[in-house]
1. Computed over the Cα atoms, what is the radius of gyration of region 93-233 divided by 2.2 N^0.38 Å, N being its residue count?
2. Could you work out the relative contact order of region 199-288, using alpha carbon pairs under 8 angstrom and six or more residues apart, expressed as a whole percent?
3. Dipole of the chain, Cα-centred, from +1 at each Lys and Arg C-beta and -1 at each Asp and Glu C-beta, to the nearest 20 debye?
4. Charges only on Cβ, +1 for Lys and Arg, -1 for Asp and Glu: so what's the dipole of region 165-321 about the Cα centre, in debye to the nearest 20?
5. Using only Cα atoms, what is the ratio of the radius of gyration of region 184-263 to 2.2 N^0.38 Å?
6. What is the log10 of I(q)/I(0) for region 155-313, computed with the Debye formula using one identical point scatterer on each Cα and no solvent, at q = 0.13, 0.21 Å⁻¹?
7. Can you give the Rg/Rh ratio of region 253-321, where Rg is from the C-alpha atoms and Rh is the Kirkwood radius?
8. Which sequence of VAL230, VAL304, VAL180 reflects their accessible areas, 1.4 Å probe, from the largest down?
Amino acid sequence: MKKLFCLLTAFMLLATLTACNSETKQTTNPNDEKVYNVGLLQLVEHPSLDEIRTAIVDEIAAKGYGDVIKIDYENGQNETSTMNTIVQKFIADKVDAIISIATLSTQSAAAATSEIPIIFSAVTDPVAAGLVSDLQNPDGNISGVSDYIDVGAIFALAEELTPEVQSYGLLYNTSEVNSVSVINDVKEYLDAKGIAYQEAFVTNIGEVTTAAQSLIGKVDAWFVPIDNTVAAAMSNVAEIANANQIPVYVAADSLVHDGGLATVGVNYTQLGKQTADMLIRVLIDGESIADNPVEVMEEYSVTVNPETAAAIGVDVSKYIQ
Ligand code: TRP
């Protein structure tokens, strides 16, 4: 039944996409300016990726290109096959550029075209994801803005807020290279400190709750990397953790807003803004991708969740303005 449903959804999606194909794309706007068509592929809808997309669209408007750069937004539904179909539609539509939000979606776009400029947003580790071989010198059609983070800063905060924690549970999807990169850093950090950890893996959103439950009673605290699969079910994870008085440290501010205890992370609105600025340089100013090294966010800030802190009895008052 589930298979049939998926098939039907895939068919309906294809039908909609094909229907869109027959539209003639605008090439000039009412002011007779050239219009650039941009396909925007977002891996899945969760608060952080939505925040990035809004920031991209807002920045294009703020810079005065709202009538010049037309965005065709598509949601990849966290499914590679869906994303591949969407990218094929962008190619058929002869878009001038592709913006891809998150790692798996950028990998789909990259696999489909080496011609159309691809500007990614929030790809944690573009080298490990096979998108560029050198952050400083993108030599293909792909560059963008990375949300690489410093896990040492997160665990230093954890040590300060919950010094009694002696072991961590790591909750993530092993097929998200963005998560694996962060987790490799985490393991290196914890190994060096002699702190124990256990892993709980998920392969899809439906498995997140069970995986979280499997960690109860085994470790003192949990850690969630910049993982899209867990992000889509983060409020459930937080509910389980809070009910069991378990602190959850996370790698993105949205995961704190959804109930995680704390993070030291990047500002995703700023990240979206920088992505739009790169797009504008490439489309409007005629810069090439090679002129645009991958940008890494330089500022990190602490985000804490006061309700979660109160629910599990951790003092975060120092971090509340
Ligand atoms: N960095 C993630 C990726 O490479 C995408 C992402 C951005 C994300 N913000 C997030 C994932 C917040 C989880 C939570 O795919």
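1. Working: Rg = 17.2 Å, N = 141, 2.2 N^0.38 = 14.4 Å.
Ratio of Cα Rg to 2.2 N^0.38 Å: 1.19.
2. 21 percent
3. On the way: 15 positive and 43 negative charges, 178 e Å.
That gives the chain a dipole magnitude of about 860 debye.
4. 440 debye
5. Ratio of Rg to 2.2 N^0.38 Å for region 184-263: 1.03.
6. For region 155-313, the Cα-only Debye profile gives -0.63, -1.38.
7. Taking Rg over the Kirkwood Rh, I get 1.21.
8. Highest to lowest solvent-accessible surface, that is VAL180, VAL304, VAL230.
The values are calculated or read from the model by the stated rules, or taken from the named source; none is laboratory data. Owing to the predicted nature of the structure, the values given are computational and were not obtained by experimental measurement. For neighbour counting, all protein chains shown are included, and Cβ atoms are generated from backbone atoms with ideal geometry for every residue, glycine included. These accessible areas exclude ligands, DNA and RNA; they are computed on the full protein's heavy atoms, side chains included. Shrake-Rupley method; radii C 1.70, N 1.55, O 1.52, S 1.80 Å.
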